[in-house]
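The values are calculated or read from the model by the stated rules, or taken from the named source; none is laboratory data. Source: prediction; values computed, not measured. Cβ atoms come from the backbone with ideal geometry, glycine included; neighbour counts cover every protein chain shown. Surface areas here come from the heavy atoms of the whole protein model, side chains and all, with no ligands, DNA or RNA. Shrake-Rupley method; radii C 1.70, N 1.55, O 1.52, S 1.80 Å.
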Amino acid sequence: MEALIPVINKLQDVFNTVGADIIQLPQIVVVGTQSSGKSSVLESLVGRDLLPRGTGVVTRRPLILQLVHISPEDGRKGAGDENDPATWKNPRHLAKDVDAAEWGKFLHTKNKIYTDFDEIRQEIENETERISGNNKGISPEPIHLKIFSANVVNLTLVDLPGMTKVPVGDQPKDIELQIRELILQFISNPNSIILAVTAANTDMATSEALKIAREVDPDGRRTLAVITKLDLMDAGTDAMDVLMGRVIPVKLGIIGVVNRSQLDINNKKSVADSIRDEYGFLQKKYPSLANRNGTKYLARTLNRLLMHHIRDCLPELKTRINVLAAQYQSLLNSYGEPVEDKSATLLQLITKFATEYCNTIEGTAKYIETSELCGGARICYIFHETFGRTLESVDPLGGLNTIDILTAIRNATGPRPALFVPEVSFELLVKRQIKRLEEPSLRCVELVHEEMQRIIQHCSNYSTQELLRFPKLHDAIVEVVTCLLRRRLPVTNEMVHNLVAIELAYINTKHPDFADACGLMNNNIEEQRRNRLARELPPSVPRDKPVPVARKLSAREQRDCEVIERLIKSYFLIVRKNIQDSVPKAVMHFLVNHVKDTLQSELVGQLYKSLLLDDLLTESEDMAQRRKEAADMLKALQRASQIIAEIRETHLW
Ligand code: GDP
Ligand code: MG
């Protein structure tokens, strides 16, 4: 199977690049009756004397023979840990003290290395006996053997016990069934090629091998018939009809071979000699079919099947390579180019950040968050939902009770009994209520400040990804913006505080919207006067609002309270509207717009200094490394893609 080696070798490079064995070469499984020559066929395919063969039950446990290709120069010093993919590619650097071109290893003997193939055969026999006993017993437990060689492809061959009918020795009564199960277990794997072995001196029409193969492969898409012992046919008979497919057609082909006889084995005839003699035999006996039979042709046919399989897998592999290449390309892009002009890069990054920051506030950013409000939209939400709602929920008369009001009225009148509700008490009380607007207003500033802080993170995470390459610059930018924001905080707070203070400074009872309320008060004064003239008249209907005082209020007291309350409410609503309107404006002017306008110059002023250049543009430690890895990977993928294109054009036959 040497012809496949260069192709598989190339593919192995691809696999190593892509990081997976996508193409699982089919495993080749031999089935057939006992002594039909299964082990002999496998052995001639491998080209080595390594399997126990003989008359009677010889193969009594499945043998999973894994061929591992090594490059020729690795052969001299081979045998690393073959479970490590690195070793498969280059076992040399893990080399143990083996000085051989080919060697074998058993799973059950761990790291022991067999360079003598006779010893390997002996170990198979010993291990068979260990589990299956020495009296023809059979065990389904496989023996795992790996052969490392420069002359093999990475392929798995499975040798199985032969099908039998009658139990002998220690074999149980249902031996036929047990072996059947065992065989089915291996050949039902769709990724296996079945070599159905039938001896030429038995009846092909009743071939057990083909029968069982049919069960799992009814279409015959992965069954190849092998006719052994062509040399042992009775005088006067030949296998012409069988080989021509006239007895039983087999889609993938029927290939006749001549393996070594028991005598040849006893005489230690070499594989090479055997193949030469086989060729001679075929030329003589089946001249017309000689070039379509024989061990070499069988190997070529398997090659072709494997190659077909490989080609079938190529499109998927190619897709996978393309996907990976695209991923690495975008990864590489995100890492950016290595910095050449540091000064320009710094300025560019700063500008980009500042622009993104402003864009996020304006709502024109490239990357728009969809999972939550952010930037300008969030500020708008804070103004109108959070702040607006909070203000609206402030009760104009909250925290005031009737006693407070009465006390204020009394205190404002001083020693004289008052004729009218004194205006001073209204001012006093309404100021107290207006003050309550300051706290939510300052809270609004705080929320916007927090959001402005959050935008920094948003910009460096999403919009200005290059920044992630330069952690120091990133931190410095965050620091500058944070400072700028922090500096604007007291100024804005002061302004907002002043907005409330301004309202407190002058209670404008001439405010047009307040006129209605004033009229109301005057009416009340009139009413009071009338009441005083008719003292005997029953008091007005008591307020439904419960009065939270122990003593009962006089009718006059009640009326005074009511008047004051109404005035407070009316004036408070005017002020609240003002605050609701002016605080957002102040925040925008003193905080948001100011930061937006000065951000760029602030950043440039503080960071764009030749002294800082090298420090700020230090890439994160592993970045250069990662960029190189991604670039290498990309190159490897492109090569892999090229290899695949080449393989598609390769003609093996
Ligand atoms: P298995 O039981 O199917 O694995 O068969 P083996 O490979 O052990 O072979 C059984 C016997 O048949 C051995 O003695 C082989 O030497 C012999 N044998 C196998 N193939 C041929 C062949 O093509 N010609 C001859 N003359 N003998 C063969
Ligand atoms: Mg055998």
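Selection over region 103-147 of residues that are in a loop (DSSP other than H, G, I, E, B), over 14 Å from residue 65 (Cα atoms) and either open to solvent by less than 70 Å² (accessible area, probe 1.4 Å) or out of contact with any Leu (no Cβ under 9 Å at 6 or more places or on another chain) (or both) gives a count of 14.
Got at least one residue in region 577-589 being without any contact (Cβ under 8 Å) to a residue 60 or more places away in the chain and closer than 25 Å to residue 466 by Cα? Looking through region 577-589, none of the residues is without any contact (Cβ under 8 Å) to a residue 60 or more places away in the chain and closer than 25 Å to residue 466 by Cα.
Condition check ((1) crowded, with 16+ Cβ neighbours inside 10 Å; (2) of a type in the set (Val, Ile, Thr); (3) part of a loop (DSSP other than H, G, I, E, B); (4) away from ligand 1 (no atom under 15 Å from the Cβ)) across all residues:
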site: 167; (1), (2), (3), (4): no, no, yes, yes
site: 171; (1), (2), (3), (4): yes, no, yes, no
site: 178; (1), (2), (3), (4): yes, no, no, yes
site: 182; (1), (2), (3), (4): yes, no, no, no
site: 185; (1), (2), (3), (4): no, no, no, yes
site: 195; (1), (2), (3), (4): yes, no, no, no
site: 211; (1), (2), (3), (4): no, no, no, yes
site: 215; (1), (2), (3), (4): no, no, no, yes
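Candidates are the residues of region 408-440 that are without any contact (Cβ under 8 Å) to a residue 40 or more places away in the chain and either basic (Lys, Arg) or touching an Asp or Glu at 6+ places or on another chain (Cβ under 9 Å) (or both); the one that is farthest from residue 507 (Cα to Cα) is 416.
With respect to being modelled with pLDDT under 90 and away from ligand 1 (no atom under 12 Å from the Cβ), residue 288 falls outside the description. Every test in (1) modelled with pLDDT of 85 or more; (2) crowded, with 16+ Cβ neighbours inside 10 Å; (3) of a type in the set (Gly, Ala, Ser); (4) farther than 30 Å from residue 485 by Cα is passed by residue 408 save one, and that test is (1). In a residue-by-residue description of region 433-456, the property of being modelled with pLDDT under 90 and open to solvent by 20 Å² or more (accessible area, probe 1.4 Å) applies to no position.
Counting only helices (runs of 4 or more DSSP H) that sit completely within region 227-345, those holding 2 or more residues that are open to solvent by less than 60 Å² (accessible area, probe 1.4 Å) and aromatic (Phe, Trp, Tyr) correspond to 295-335. Within the set 602, 557, the sole residue that is over 27 Å from residue 459 (Cα atoms) and touching a residue at least 12 places away in the same chain (Cβ under 8 Å) turns out to be 557. Residues in region 41-62 that are of a type in the set (Val, Ile, Thr) and within 9 Å of ligand 2 (Cβ to nearest atom): 57, 58, 59.
Among the residues of region 148-160, count how many are in a loop (DSSP other than H, G, I, E, B) and closer than 12 Å to residue 67 by Cβ. Residues that pass the stated criteria total 5. Condition first: over 51 Å from the mean Cα position of the chain (by Cα) and within 29 Å of residue 25 (Cα to Cα). Can you find one or more residues in region 228-235 that meet it? Yes, region 228-235 contains at least one residue that is over 51 Å from the mean Cα position of the chain (by Cα) and within 29 Å of residue 25 (Cα to Cα).
Mind checking which residues of region 29-60 are polar (S, T, N, Q), open to solvent by less than 30 Å² (accessible area, probe 1.4 Å) and within 7 Å of ligand 1 (Cβ to nearest atom)? Across region 29-60, the qualifying residues are 36, 39, 40, 59.
Return yes when residue 591 is at pLDDT 90 or above, in contact with a Pro (Cβ under 8 Å, 6 or more places away or on another chain) and part of a helix (DSSP H, G or I) and no when it is not. Taking the combined requirement at face value, the residue does not satisfy it. Among all positions in region 402-424, there is at least one residue which is touching a Cys at 6+ places or on another chain (Cβ under 7 Å), assigned to a helix (DSSP H, G or I) and of a type in the set (S, T, N, Q).
Tallying residues that are of a type in the set (D, E, K, R), part of a helix (DSSP H, G or I) and under 60 Å from the mean Cα position of the chain (by Cα) within region 425-461 yields 8. Going by the conditions given, is residue 376 on the phi > 0 side of the Ramachandran plot and either open to solvent by 60 Å² or more (accessible area, probe 1.4 Å) or of a type outside the set (Val, Ile, Thr) (or both)? Considered against the rule, which asks whether it is on the phi > 0 side of the Ramachandran plot and either open to solvent by 60 Å² or more (accessible area, probe 1.4 Å) or of a type outside the set (Val, Ile, Thr) (or both), residue 376 comes out as no.
Restricting the first member to region 272-299 and to residues that are among the aliphatic types (A, V, I, L, M), and the second to residues that are open to solvent by 40 Å² or more (accessible area, probe 1.4 Å) and part of a helix (DSSP H, G or I), the beta-carbon pairs closer than 7 Å and six or more apart or on different chains are 275/296; 290/283. Taking region 209-263 as the range and being closer than 20 Å to residue 191 by Cβ, within 16 Å of ligand 2 (Cβ to nearest atom) and without any contact (Cβ under 8 Å) to a residue 40 or more places away in the chain as the test, no residue passes.
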